[in-house]
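A.B. asks: Here it is: the structure, laid out below.
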Amino acid sequence: MESELIAAVRRFNRTVTQRVGALDDEYMTRGRSLAQARLLWEIGRGGAEVAALRARLGLDSGYLSRLLRILESDGLVTVGPAEPVGGDGRVRAAALTDAGRAEWTELDMRSDEFAWSILEPLTEHRRERLVAAMAEVERLLIASMVIVEPCPPGDPRARACVRAYARDVARRFDAGFDPALSSQVHDEELVPPAGVFLLATLNAEPVGCGAVKLHRDAPAEIKRIWVADTVRGLGIGRRLLSELERYAAERGWTAVRLDTNRNLTEAIAMYRSAGYREIEPYNTEYYAHHWFEKHLAP
């Protein structure tokens with residue numbers, strides 16, 4: 001079955017690359033490759049930092065530099081120091097020239113025409129089916145691009161996720177959220193061997209987090225599962241939960257538990273569907289209304 005799935009993905013990739021012109025030397029007959037056209041598009045009218053372009057497009061520094069040099073030599077782009085941020089002149093940015101903005105406008109128009117060339121041969125019903133299928137494929141591809149890996153809880157990206165978590169629950173809890181009233185989670189509890197903090201990133205940007213504390217002589221405890229609105233509904237929360245469970249199980253824990261607020265209905269539904277059962281309170285968390293536990297396979 002796995003080999004059939006892999007073969008299906010490869011067939012899809014071949015069909016798409018051919019249909020969108022990824023193999024053409026001159027994308028949309030504009031005298032440049034798809035990679036160059038895409039980079040021009042991503043720089044956009046407002047310009048972009050080179051580091052952001054690299055992360056957004058998933059390109060290594062050398063390849064991105066070569067593409068930028070080509071666009072520079074064509075008179076479409078300039079690359080230089082960005083507006084100083086905190087006095088750091090090392091940040092570099094790319095911006096479109098007047099010719100680059102004209103080319104961007106032409107590319108935008110031709111992209112619309114190309115999209116219509118895909119839809120035009122189909123009936124209205126098939127167009128709707130294709131667009132719906134494309135949206136679903138896009139969502140699933142984005143989900144597959146999310147990277148989940150351990151991260152020090154003191155990392156700025158981890159801190160940003162925890163702050164986002166606090167803002168999120170503050171909007172949803174009945175009386176807001178005051179961290180001083182909640183049970184404290186200290187950084188040293190979320191680093192091996194005491195536990196772990198997992199960070200989910202998409203194009204190098206943090207989009208989710210979760211942590212597990214490995215209590216001695218007690219079930220492991222899951223904390224701070226949060227997913228950004230931009231990737232909600234893609235299964236990232238369930239993936240974080242599963243990774244935290246696996247982390248605990250691989251280190252010998254046979255059960256995991258957590259507490260949650262009654263207003264986090266989506267989280268409660270996820271826990272129940274993942275095999276958690278409600279138990280009596282095991283702590284005095286101020287904001288908790290439900291306590292759950294799950295037994296882990298060795």
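The values are calculated or read from the model by the stated rules, or taken from the named source; none is laboratory data. Nothing here was measured: the structure is a model prediction, and the numbers come from that model. Virtual Cβ from ideal backbone geometry, glycine too; neighbours counted across all protein chains shown. For the accessible areas, the whole protein counts, side chains as well, though only heavy atoms, and no ligand, DNA or RNA atoms are used. Shrake-Rupley method; radii C 1.70, N 1.55, O 1.52, S 1.80 Å.
A.B. asks: Collect the residues in the range 258-279 that are of a type outside the set (Val, Ile, Thr), touching a strand residue (DSSP E or B) at 6+ places or on another chain (Cβ under 7 Å), under 21 Å from residue 184 (Cα atoms) and not in a helix (DSSP H, G or I), keeping them in residue-number order.
C.D. replies: Passing the criteria: 258, 259, 262.
A.B. asks: In the list 127, 159, which residue meets the criterion of being in a helix (DSSP H, G or I), modelled with pLDDT of 95 or more and assigned by the TED database to the domain that holds residue 221?
C.D. replies: From the options 127, 159, the qualifying one is 159.
A.B. asks: Here is a list of conditions, (1) surrounded by 14 or more Cβ atoms within 10 Å (Cβ to Cβ); (2) in contact (Cβ under 8 Å) with a residue 24 or more places away in the chain; (3) small (Gly, Ala, Ser), and residue 194 meets all of them except one; can you say which number that is?
C.D. replies: It fails just one condition, (2).
A.B. asks: Which of (1) out of contact with any Gly (no Cβ under 9 Å at 6 or more places or on another chain); (2) of a type in the set (Ser, Thr, Tyr); (3) modelled with pLDDT of 90 or more does residue 29 not meet, given it meets every other one?
C.D. replies: All conditions pass for residue 29, except number (3).
A.B. asks: Run down 110, 92, 101 and say which single residue is of a type outside the set (Ser, Thr, Tyr), farther than 30 Å from residue 213 by Cβ, touching an Asp or Glu at 6+ places or on another chain (Cβ under 8 Å) and in the same structural domain as residue 35 (by the TED database).
C.D. replies: After applying the criteria, what remains is 92.
A.B. asks: What's the total number of residues in the range 197-230 that are in contact with a Lys or Arg (Cβ under 9 Å, 6 or more places away or on another chain) and not polar (S, T, N, Q)?
C.D. replies: Going through the range 197-230 one residue at a time, the tally reaches 19.
A.B. asks: Looking at the range 143-186 only, could you name the residues that are under 15 Å from residue 207 (Cβ atoms), touching a strand residue (DSSP E or B) at 6+ places or on another chain (Cβ under 7 Å), of a type in the set (A, V, I, L, M) and surrounded by 14 or more Cβ atoms within 10 Å (Cβ to Cβ)?
C.D. replies: 146, 148, 158, 160, 162, 164 - these are the residues of the range 143-186 that are under 15 Å from residue 207 (Cβ atoms), touching a strand residue (DSSP E or B) at 6+ places or on another chain (Cβ under 7 Å), of a type in the set (A, V, I, L, M) and surrounded by 14 or more Cβ atoms within 10 Å (Cβ to Cβ).
A.B. asks: Please go through the range 25-58 and give me each residue that is open to solvent by 70 Å² or more (accessible area, probe 1.4 Å) and over 18 Å from residue 74 (Cβ atoms), ordered by number.
C.D. replies: Hits for the range 25-58 are 46, 49, 54, 56.
A.B. asks: Oh, and also: Can you tell which of 178, 168, 187, 108 is farther than 30 Å from residue 65 by Cβ and over 24 Å from the mean Cα position of the chain (by Cα)?
C.D. replies: Answer to the selection: 178.
A.B. asks: Something else: Select, from 248, 267, the only residue that is over 14 Å from the mean Cα position of the chain (by Cα), touching a residue at least 40 places away in the same chain (Cβ under 8 Å) and either surrounded by fewer than 13 Cβ atoms within 10 Å (Cβ to Cβ) or within 20 Å of residue 163 (Cα to Cα) (or both).
C.D. replies: Exactly one residue qualifies, and that residue is 267.
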